[in-house]
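Below: one structure, written as structure tokens.
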Amino acid sequence: AGVACLRSKCPGMTEEHAFNTLEVLGCLQRMDHWARLEVVQEAGQWIIVGERFSPTFETCSTEGVLPICTTQALDMAQHDALAASFSGVVTYGIVDDPGGVVFYRIAAHVLPSIRSLHRA
């Protein structure tokens, strides 16, 4: 029921992505350092956006979490587009088959310019 409800609110979201999103959302809701979680479309991707507090709760920032499965490839162009929306960092919530979630924070992909490669 949760997958169907989420898909009805997020046009074009696949059933697999809806399942992964609900798994990641459930984990984030159980963590002390996340608040105001919502699913939004950003840079062509359905992601979870929320306020992430520092370990001491002195600061917080708006961050994006992209739910993916263990077999899903990362597209660096999509990653960079998402990172540009969230201070250069995207957190990935990687859903394993048994329902476990592993979180990875990855900074924007930075390639050297062609000019700097030519001089090297």
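The values are calculated or read from the model by the stated rules, or taken from the named source; none is laboratory data. Computed from a predicted model, the values in this text were never measured in an experiment. Backbone-built Cβ (ideal geometry, glycine too); neighbour counts: all protein chains shown. We work out accessible area using only protein heavy atoms, side chains counted, and drop any ligands, DNA or RNA first. Shrake-Rupley method; radii C 1.70, N 1.55, O 1.52, S 1.80 Å.
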Percentage of interatomic Cα-Cα distances in the chain larger than 24 Å: 30 percent
Compactness of the range 1-72, expressed as Rg and Dmax over alpha-carbon positions, Å: 12.8, 38
Length gained when the stretch CYS10-GLU58 is fully extended (0.36 nm per residue, less Cα-Cα span): 14.0 nm
Relative contact order [Cα under 8 Å, 6+ residues apart], the chain, whole percent: 18 percent
The range 29-99: GluC sites (Glu not before Pro) in DSSP loop, at most 14 other beta carbons within 10 Å: GLU58
Accessible-area composition of the range 36-86, carbon plus sulfur, in percent [1.4 Å probe]: 50 percent
